[in-house]
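Below: the structure, in structure tokens.
The values are calculated or read from the model by the stated rules, or taken from the named source; none is laboratory data. Everything quoted here is computed from the prediction, not taken from an experiment. Here Cβ is always computed from backbone atoms with ideal geometry, including for glycine, and neighbour counts include all displayed protein chains. To get the accessible areas, we keep the full protein, side chains included, count just its heavy atoms, and leave off ligands, DNA and RNA. Shrake-Rupley method; radii C 1.70, N 1.55, O 1.52, S 1.80 Å.
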Amino acid sequence: MDLLTGILANVWSWVVLALGLGLVIFVHELGHFAVAKWVGVFVERFSIGFGPVIWSIRRGETEYALSAIPFGGYVKMLGQDDVNPAEMTREDLKLDPRSYPAQSVPKRMAIISAGVIMNIIFAFLCFLFVFNIGMPYTPALVGSVDPGGPAWQAGIERGDKIVRVNDEEIVDFKQFQQAVVLSDPKEGLELEVERGGAPINFHVVPDTKNSHPQIGVDWSSDLKLHTKRPVGAGLAASKAEGVAFQGGDRITHVNDEPMHSYPQFADYLATHANDELRMRVLRSPQKGSTQNETAEVVVPRQTMRDWGLRFQMGRVAAVRKDSPAATAGIKPGDVIQSVAGQPCDPLRLPSFVAGLAGLEPDESGLRPKIELEIKRESQGDEILHVTVEPEDRPGWINPPLTLGSPLAIPALGIAYQLEPVITAQPDADSPAGRAGLQKLDRIYAVKIIWPPKRAGKPPEEEDLVIDEKNPVIPAIFWQTQFSPDAKLQFKVKRDGKETETDVFLPAADESWFASFRGIHVVPLNREMEPQGFSRAIVLGYKTTKSWITSTYLTLHRLTVSRTVSPKNLMGPLGILGTGAAVAQTDIRLFIEFMAILGVNLAIINFLPIPVLDGGHMVLLAWEGIRGKPASDRVIIAANYCGLLLILSLFLFVTWNDIARWVK
């Protein structure tokens, strides 16, 4: 039954997508068609789609058609043919009063611009509609901060609510992401966040190493458990005593403390990693009842899965602003040699320092200070002894979000990498020892063998290179914590030779506990209340204007400042996939998607490229200035160049879609 429901839902989403895309194209072509008819031009065909006609009907003098390639459409007017530019130069057609070339420049400009204008009007009406009835949105609440990233360095924390970016009011997390992507990295971003009810301002300079500017934050989850997979197999939440979690449960209390947001819940888990927790949930009513139920679930501690390896400390990658480390003068590039007289174990260091920071204050109320031994390579490998007063913050509260993320010590405000070199001989009974790893081995590749996603399916293997450009060990260590059955295999360099270790399964360490319990929650979504018609008009206008500006700014970032990579461009396959996914969620979000698509279609179509509406407008403007049209030779050459450019762009973005899907 679930399979049939899923199939029907997929079929319905594609039907909705086809109707939506057809409507966007229809509106655009309707603009051309209506104005052409209004000024008296003979319209031979009105087509949704390109290529061979698969269905048509004639009404009056015009043929209305559906064509095989649905990515666009056209209005074929007498004397105007982008596919056959030579038709536009025929003298007999220029003399026909109902032909397109015979019309005055203002009339032809009106015909050409009508499609774009209709798309903008359509987008405005779509935005007005969804604001008037209300729509779901993702609040701009920070759910996680990437260690060492721009936001982390500036001091932004999980649970902060983004209020403004460069004086622009922010409500939706997508709006915030768009502001970051389209920002000027040279100027940075002025962010206002709300923390504990008070406003705080930050200056953040986005990172441009990737395909677009980023600051290293992600959206928040909700306190509602996933319907189908509420807990992770083999993790602490699946081992709850007595009452078990159910799909759709909403966490309301932990150890009798009310939970108001997922960031608060996640921080509580990290702070109480060593404790068994009592979680109270609100549960949907049973059949025959209308009252929600409450239940209390006792969740044991979640052990960390240890590899049995001690790696070499890498350089400090970043220091958080106004942190204990910054106050003590620690700088990026430093290498921590020891902490409180103990040699460093990079993977355990966040928890080790958190344990020291959590010691009771002395008689004066001050927390104990920690001495760090640091090697500063910029000063000839000088050894420095630095005293730091740590903050009482748990370890692993800022886990790595990406494969290149460093590890963080929240109590100090340091993010550091580790070198894939084993500095101590693994115990013979440890997972690494049984796999054959040895002291001074340098790991250069790893194979992760993930358990099958479904019964009867084979395990999934993931191969990753480990080097200076791909410091993936912290992220792999963290990701495999969520899959108790995930196995590892390393390729190492030993005494100048390359060798492969045995496959091993990391072991649970009963003395080391994680900041999570294996509870699967859904993304945070809220319902925007209906705004009323007059307010919806204002919001619809502002949103349409914002998307027009953003689209032009995106083109500028792609072509002039080049802070956004062309690899981010989405082609027809990507648009179809995104549209189908949105259509499955909420029809109001799909209407918003159509509005955004309409704006993009309008702007792209009005670029000064021959064949596109913008190219036609350039030629018409040139004709208006000169008092005569461009020569037949110029028109034909321009149209063929435009067709070649459009075809090349189509192939490029389609390749992007395929590469993105394969990856």
Q177 vs. criteria free of Cβ contacts under 8 Å to residues at least 12 places away in the same chain and outside any strand (DSSP E or B):
yes
Unique match (being of a type in the set (S, T, N, Q) and in contact with a Leu (Cβ under 9 Å, 6 or more places away or on another chain)) among T252, T227
T252
All positions within segment 319-358 that are more than 23 Å from A270 (Cα to Cα) and either touching a His at 6+ places or on another chain (Cβ under 9 Å) or assigned to a helix (DSSP H, G or I) (or both):
A326, T327, A328
Picked from segment 562-600 (must be among the β-branched types (V, I, T), more than 16 Å from Q178 (Cβ to Cβ) and more than 20 Å from the chain's Cα centre (by Cα)), the residue modelled with the highest pLDDT is I591
Mind checking which residues of segment 619-663 are of a type in the set (D, E, K, R), under 19 Å from R108 (Cα atoms) and surrounded by 13 or more Cβ atoms within 10 Å (Cβ to Cβ)?
E623, D632
Give segment 517-561 a look and list any residue that's part of a loop (DSSP other than H, G, I, E, B), modelled with pLDDT under 90 and within 22 Å of V130 (Cβ to Cβ), or say none.
E529, P530, Q531, G532
Going through segment 534-558 in order, the residues found to be basic (K, R) and either within 20 Å of D167 (Cα to Cα) or open to solvent by 40 Å² or more (accessible area, probe 1.4 Å) (or both) are R535, K542, K545
Determine which member of the set D345, D306 is in contact with a Lys or Arg (Cβ under 8 Å, 6 or more places away or on another chain) and either closer than 27 Å to Q425 by Cβ or among the aliphatic types (A, V, I, L, M) (or both).
D345
Return the total of residues in segment 372-391 being part of a strand (DSSP E or B) and open to solvent by 60 Å² or more (accessible area, probe 1.4 Å).
4
Give the residue, chosen from G395, G404, that is open to solvent by 10 Å² or more (accessible area, probe 1.4 Å), small (G, A, S), touching a Ser or Thr at 6+ places or on another chain (Cβ under 8 Å) and not in a strand (DSSP E or B).
G395
Which residue out of P101, P97 is outside any helix (DSSP H, G or I), open to solvent by 40 Å² or more (accessible area, probe 1.4 Å), over 27 Å from G540 (Cα atoms) and at pLDDT below 95?
P97
Pair list, Cβ < 9 Å and 6+ apart or interchain, from segment 42-62 residues that are assigned to a loop (DSSP other than H, G, I, E, B) to residues that are among the aliphatic types (A, V, I, L, M):
F42/A36; F42/M77; F42/L78; E61/V43
Among the residues of segment 39-62, which ones are open to solvent by less than 70 Å² (accessible area, probe 1.4 Å), more than 23 Å from N605 (Cβ to Cβ) and either in contact with a strand residue (DSSP E or B) (Cβ under 6 Å, 6 or more places away or on another chain) or among the basic types (K, R) (or both)?
S56, I57
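Every residue, every condition in (1) touching a strand residue (DSSP E or B) at 6+ places or on another chain (Cβ under 7 Å); (2) touching a residue at least 60 places away in the same chain (Cβ under 8 Å), yes or no:
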position	(1), (2)
V465	yes, no
W478	no, yes
K487	yes, no
K497	no, no
F516	no, yes
V521	yes, yes
If you check every pair at least six apart or on different chains, which have Cβ atoms under 6 Å apart with a residue in segment 435-462 that is exposed (fewer than 12 other Cβ atoms within 10 Å of the Cβ) first and a residue that is not in a strand (DSSP E or B) second?
P452/P459
Of the residues in segment 407-441, those that are more than 33 Å from the chain's Cα centre (by Cα) and assigned to a strand (DSSP E or B) number 1
